[in-house]
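The structure appears below as structure tokens.
The values are calculated or read from the model by the stated rules, or taken from the named source; none is laboratory data. None of these values were measured; they are calculated from a predicted model. Don't worry about glycine lacking a Cβ; one is built from the backbone with ideal geometry, like all the others, and counts go over all protein chains shown. Each accessible area value is taken on the protein alone, full model and side chains, heavy atoms only, with ligands, DNA and RNA left out. Shrake-Rupley method; radii C 1.70, N 1.55, O 1.52, S 1.80 Å.
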Amino acid sequence: LDLRTTGFATRRPTIVAEVLSRIQAGEAPQLIREVADAHLGEAIEGVHWQLLSVEELCSLAAEIGPVGLGKLMHHFVQDPRRAWSGMPDLLVLPGHSPGLPCGLLLAEIKGPGDQLRDNQRCWHHGLLQAGLPVEVWRVEDGPAC
């Protein structure tokens, strides 16, 4: 009931530390399978079982890697409301789209006259330090169709 509150992690420090430790040890895919086995289909705040299959989630966790995923999860459990602020706009999943890298990519989208804010720079710096690729994509107004 208190998942998205700032007190979530402080009210259960042992459990949060254990889960973060497992993620940082590279056990995120195993942890995802354990949670899915126990709770798949249950209504859980913030969980959308239909978005990705369990195997897709496991692949995504493996692609992000223990360091990057550990950093992301740490931010989201410590201060969930502020964690979203500054996070890149897009998570581009691995694939074979022309003009895009084959691996995972986080992208911030900026329109004409739009600049990076400090909280975005902080997120980008932290993600890059965790070994995750981050790009700023600039879009421009084109001719009317």
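Among the candidates V19, V77, which residue alone is closer than 25 Å to P133 by Cα, among the hydrophobic types (A, V, I, L, M, F, W, C) and under 14 Å from the mean Cα position of the chain (by Cα)?
Matching residue, one of V19, V77: V77.
Cβ-Cβ below 9 Å, separation at least six or inter-chain, first residue in segment 112-124 and within 13 Å of D89 (Cβ to Cβ) and touching a residue at least 12 places away in the same chain (Cβ under 8 Å), second open to solvent by less than 60 Å² (accessible area, probe 1.4 Å) and of a type in the set (D, E, K, R): which pairs?
Going by the 9 Å Cβ cut-off, the qualifying pairs are L116/E108; L116/K110; Q120/E108; W123/E108; H124/E108.
Return yes when V47 is among the hydrophobic types (A, V, I, L, M, F, W, C) and closer than 21 Å to V67 by Cα and no when it is not.
no
Does H48 satisfy the condition of being within 28 Å of R117 (Cβ to Cβ) and either free of Cβ contacts under 8 Å to residues at least 12 places away in the same chain or in contact with a Phe, Trp or Tyr (Cβ under 8 Å, 6 or more places away or on another chain) (or both)?
yes
Which residue is least open to solvent (accessible area, probe 1.4 Å), if the candidates are limited to segment 22-48 and must be more than 13 Å from M73 (Cβ to Cβ), within 16 Å of the chain's Cα centre (by Cα) and at pLDDT below 90?
Looking at the filtered set, the residue picked out is V47.
Does L60 meet the test of being open to solvent by less than 50 Å² (accessible area, probe 1.4 Å), under 23 Å from V19 (Cα atoms) and not polar (S, T, N, Q)?
It is true that L60 is open to solvent by less than 50 Å² (accessible area, probe 1.4 Å), under 23 Å from V19 (Cα atoms) and not polar (S, T, N, Q).
Taking segment 28-43, which residues are among the hydrophobic types (A, V, I, L, M, F, W, C) and without any contact (Cβ under 8 Å) to a residue 12 or more places away in the chain?
Across segment 28-43, the qualifying residues are V35, A38, A43.
Would you mind finding the one in V54, V67 that is within 14 Å of the chain's Cα centre (by Cα) and not small (G, A, S)?
V67
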